[in-house]
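**Q** Sharing a structure, written as structure tokens. Questions coming.
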Amino acid sequence: MTAVETCRLVPEQILVRPAGNADLLSIVAIEACSFEDPWPATDFNRLQRSPFCEILVAESTGDGICGFSVSRYYAGVGELLNLAVLPGTRRQGCGKLLVETVKSRSVIHSCEQLSLEVRHSNRAAIALYAKSGFKATEVIKEYYADGEAALVMVLKLPEKMETDHESP
């Protein structure tokens, strides 16, 4: 499936799992078609080797990887560093499933909170995070290379989390 094709996903047929080396090309392709200033492949390679980071992929049965997340867990804090979904599969549950899995993984890593930064103009992502329980806490002016502000969002995590999906 190419980045411009539209595919109807069935959320029950999406598996979230840890990314492997063979997934990096798909991750970099999704990143490139999702952001104006995409992370280079070297960043994903470096983060994949970090003991504090975790890259997850969402894979649809028969359609391949439809999204990914990059998270860091350290000193009781989880941070969602990056999340992207293939454009033709957006608004079909893939992003929500990735966010919910990162929340669960943060609890497993004994994190008390999960935070993220999102472009102030990215209303779809802000809505997704708000529906997942994140609260806006501050605005960082000129956060991105093009001068756009970032909205910081934080989620306080429970000690244990009930899930309706499997964690990787």
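**Q** What do you get for GluC sites (Glu not before Pro) in region 4-98 restricted to DSSP loop and a cutoff of at most 11 other Cβ within 10 Å of the site's Cβ? Could you put the intermediate results ahead of the total?
**A** On the way: sites: Glu5, Glu12, Glu31, Glu36, Glu54, Glu59, Glu79; in loops: Glu5, Glu36.
Listed in order of number, the matching sites are Glu5, Glu36.
**Q** Set the Förster radius R0 to 30 Å, insert the Cβ-Cβ distance between Arg123 and Ala41 as r into 1/(1 + (r/R0)^6), and round the FRET efficiency to 0.05. Numbers along the way, then the final one.
**A** On the way: r = 29 Å, r/R0 = 0.95.
Taking R0 as 30 Å, the efficiency between Arg123 and Ala41 is 0.55.
**Q** In Å, the Kirkwood hydrodynamic radius of the chain over pairs of distinct alpha carbons? Please list the in-between numbers first.
**A** Working: mean 1/r = 0.0619 Å⁻¹.
After inverting the pairwise mean of 1/r, the radius is 16.2 Å.
**Q** Run the count for the chain, please: Lys pairs, Cα-Cα under 17 angstrom, 8 or more apart or on different chains.
**A** 8
**Q** Follow-up question, since we're still on this one. So what is the 222 nm mean residue ellipticity for the chain from helices alone, if each DSSP H run of at least 4 adds -39500 (n - 2.57) and you divide by all residues, rounding to the nearest 500 deg cm²/dmol? Present the calculation step by step, with values, prior to reporting the outcome.
**A** On the way: 4 runs with 44 residues, N = 168.
Taken over the chain, the calculation gives -8000 deg cm²/dmol.
**Q** Further question on the same structure: Between Ala145 and Leu15, how high is the FRET efficiency from 1/(1 + (r/R0)^6) when r is the Cβ-Cβ distance and R₀ = 30 Å? Nearest 0.05. The partial results should precede the final answer.
**A** Working: r = 34 Å, r/R0 = 1.13.
The computed FRET efficiency comes out at 0.30.
**Q** Taking Cα centroids, how far is region 75-121 from region 49-70 in Å?
**A** Rounded to whole Å, the Cα centres lie 11 Å apart.
**Q** Another question, if that's okay. So what is the relative contact order for the chain, in percent, with contacts set as C-alpha pairs under 8 Å and at least six apart?
**A** Details: 304 pairs, mean separation 33.9, N = 168.
Taking the mean separation of contacting Cα pairs over the length of the chain, I get 20 percent.
**Q** Find out how many positive minus negative residues lie around Lys141, taking Lys and Arg as positive, Asp and Glu as negative, among other residues whose Cβ is under 13 Å from that of Lys141.
**A** Details: positive: Arg119; negative: Glu117, Glu138, Glu142, Asp146, Glu148.
Net charge in that neighbourhood comes out at -4.
We did not get these values from a lab; they are worked out from the coordinates using the rules stated. Note that the structure is predicted; figures quoted are calculated from it, not measured. Please note: Cβ atoms are built from the backbone with ideal geometry, for glycine as well, and neighbour counts cover all protein chains shown.
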